[in-house]
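Asks: Below is one structure. I have some questions about it.
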Amino acid sequence: MGDPLRIDLPDQRTEGFDDRPEREPILIPRLVSVAQTAVVSLNDISEYGPFERLGHALAVDYSDELKRTKIVATHDGREARVTTETAADAIQAALPLEIPLSASTAALVRRVMSVKGVQNRPAEVGAAQRIVQHLVDAMGDKAADHLSAFADRCGQRLAAEVATTLRGLSPAQFTYSDDVEVLALTKTRESRKRQVAGHADGSFDKAFAFNGWRKNLYSHAWFDTTPEFKAANAIDSGRHVVVWARLHINDVPIRWTSEGRQYNPDFVVIEEEHGKRYGWLLETKADKDLTSAEVVAKRRAARRWANTANSSPQVGITWNYLLVGEQDVEDAQGDWELLKGFAQ
């Protein structure tokens with residue numbers, strides 16, 4: 001005898017499922033790839049640890065130096081002049097020129113954009129702003145003081161770190177157009193799978209289309225693997241999740257080879273926390289495949305997609321990419337926050 005809470009509905013030949021009108025729409029950036037001579041892009045940078053460590057180091061170094069150096073600002077009514085005085089007392093506190101943090105960060109963005117090979121395009125400017133923000137955040141509460149006093153040297157060190165990072169990346173054979181269109185996910189889902197009301201008992205069958213979701217954009221969803229099914233249950237129970245969907249072919253096409261091959265991640269998830277919205281693209285893989293050349297290349301391409309989307313002024317939320325293995329899904333035990341934490 002089956003689970004009394006589970007109701008098997010009649011088989012269907014082909015059933016269409018539209019997005020549910022009571023759900024919030026899922027707005028996804030549509031990026032257009034353009035073939036080009038191999039170049040590197042700031043949007044290829046997805047690891048910000050080097051810039052955060054640089055920010056910490058600069059804050060410590062310049063805190064020490066500010067105890068020995070006094071910055072004096074004078075003006076003649078038309079322009080400011082800055083002179084440096086070496087304090088006789090090694091512990092004399094410095095009085096840095098009060099330059100607004102916004103002006104200092106703008107100057108750092110210009111330094112990053114001046115790195116050899118960086119193209120002067122809006123998408124690159126957005127990526128430069130993101131890199132600078134990581135550095136400034138790492139400098140802490142005294143970032144404005146440090147940058148006021150040592151803007152040139154901070155800029156030199158940051159530009160050198162960016163150049164070093166770019167040299168370690170493989171040039172891409174394509175870029176994305178600066179024209180980004182944001183489209184709602186509204187495609188009708190069609191399936192010949194057997195419809196099942198409910199999914200809470202955790203039983204998975206590839207032949208079923210499952211109903212009973214609290215936050216799915218569509219009434220039914222079907223999956224290829226048990227980890228996908230379990231990941232969907234974790235997402236659907238996420239405290240901050242607004243809406244999600246199981247992605248199908250060409251929903252979020254991400255180009256991952258120079259020949260134009262594309263792939264779509266498994267899920268798109270929209271969250272809202274502290275008044276800010278986040279978009280997540282989630283891919284589940286067998287543990288044995290996580291380090292394969294193809295999966296690594298797709299992960300790099302998806303991170304570049306997210307970085308490019310985040311660099312566009314047309315995109316109003318922050319996008320991220322998550323790659324999880326089957327053991328990650330098991331260890332999360334249906335907890336979306338844990339699953340995000342385990343992701344690569």
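The values are calculated or read from the model by the stated rules, or taken from the named source; none is laboratory data. These numbers come from a predicted model, not from an experiment. In this analysis, Cβ positions are derived from the backbone assuming ideal geometry, glycine residues included, and neighbour counts consider all displayed protein chains. Protein only, heavy atoms only, side chains kept; ligands, DNA and RNA dropped before computing areas. Shrake-Rupley method; radii C 1.70, N 1.55, O 1.52, S 1.80 Å.
Asks: Here's a check for you: in region 249-258, which residue that is closer than 17 Å to residue 27 by Cβ and over 17 Å from the mean Cα position of the chain (by Cα) is surrounded by the most Cβ atoms within 10 Å (Cβ to Cβ)?
Replies: Checking each candidate, the answer is 251.
Asks: Continuing with the same structure: Can you name the condition, by its number, that residue 111 falls short on among (1) under 20 Å from residue 54 (Cβ atoms); (2) at pLDDT below 95; (3) in contact with a helix residue (DSSP H, G or I) (Cβ under 9 Å, 6 or more places away or on another chain)?
Replies: Looking at each condition in turn, residue 111 falls short on (2).
Asks: Looking at (1) over 22 Å from residue 342 (Cβ atoms); (2) modelled with pLDDT under 95, can you tell me which one residue 202 breaks?
Replies: (1)
Asks: Does residue 151 satisfy the condition of being open to solvent by 30 Å² or more (accessible area, probe 1.4 Å) and more than 23 Å from the chain's Cα centre (by Cα)?
Replies: So residue 151 passes the test.
Asks: Checking the conditions here, which among 28, 45 is modelled with pLDDT of 85 or more, of a type outside the set (S, T, N, Q) and either over 27 Å from residue 142 (Cα atoms) or loosely packed, with under 15 Cβ neighbours inside 10 Å (or both)?
Replies: Exactly one of 28, 45 is modelled with pLDDT of 85 or more, of a type outside the set (S, T, N, Q) and either over 27 Å from residue 142 (Cα atoms) or loosely packed, with under 15 Cβ neighbours inside 10 Å (or both), namely 28.
Asks: Does at least one position in region 336-344 carry a residue that is assigned to a loop (DSSP other than H, G, I, E, B) and either open to solvent by 50 Å² or more (accessible area, probe 1.4 Å) or more than 21 Å from residue 31 (Cβ to Cβ) (or both)?
Replies: Within region 336-344 (the criterion being assigned to a loop (DSSP other than H, G, I, E, B) and either open to solvent by 50 Å² or more (accessible area, probe 1.4 Å) or more than 21 Å from residue 31 (Cβ to Cβ) (or both)), the answer is yes, since at least one residue qualifies.
Asks: Just give me the residues in region 234-280 being at positive phi and in contact with a strand residue (DSSP E or B) (Cβ under 6 Å, 6 or more places away or on another chain), in sequence order.
Replies: Within region 234-280, no residue meets the criteria.
Asks: Could you look through region 259-278, keep only residues that are assigned to a loop (DSSP other than H, G, I, E, B), open to solvent by less than 60 Å² (accessible area, probe 1.4 Å) and not charged (D, E, K, R), and pick out the one that is nearest to residue 343 (Cα to Cα)?
Replies: Taking the candidates together, the pick is 265.
Asks: Sticking with this one: Could you check, for region 279-298, whether at least one of its residues is within 15 Å of the chain's Cα centre (by Cα), open to solvent by 40 Å² or more (accessible area, probe 1.4 Å) and over 21 Å from residue 223 (Cβ atoms)?
Replies: The answer is no, given that none of the residues of region 279-298 is within 15 Å of the chain's Cα centre (by Cα), open to solvent by 40 Å² or more (accessible area, probe 1.4 Å) and over 21 Å from residue 223 (Cβ atoms).
Asks: Checking residue 313 against (1) part of a strand (DSSP E or B); (2) open to solvent by 40 Å² or more (accessible area, probe 1.4 Å), only one condition comes out false. Which one?
Replies: Just one mismatch for residue 313, condition (1).
Asks: Against the condition open to solvent by 20 Å² or more (accessible area, probe 1.4 Å) and farther than 30 Å from residue 25 by Cα, how does residue 167 come out, does it pass?
Replies: yes
Yes/no matrix, rows are residues, columns are (1) free of Cβ contacts under 8 Å to residues at least 40 places away in the same chain; (2) open to solvent by less than 10 Å² (accessible area, probe 1.4 Å):
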| position | (1), (2) |
| --- | --- |
| 135 | no, yes |
| 144 | no, no |
| 163 | no, no |
| 175 | no, no |
| 192 | no, no |
| 197 | no, no |
| 204 | yes, no |
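Asks: Same structure again: What number of residues within region 228-245 satisfy the criterion of being open to solvent by less than 30 Å² (accessible area, probe 1.4 Å) and either β-branched (Val, Ile, Thr) or not in a loop (DSSP other than H, G, I, E, B) (or both)?
Replies: Total satisfying the criteria: 11.
Asks: Shifting gears a bit: Filter region 316-335 down to the residues that are part of a helix (DSSP H, G or I) and open to solvent by 40 Å² or more (accessible area, probe 1.4 Å) and list them by number.
Replies: Those that are part of a helix (DSSP H, G or I) and open to solvent by 40 Å² or more (accessible area, probe 1.4 Å): 326, 327, 330, 331.
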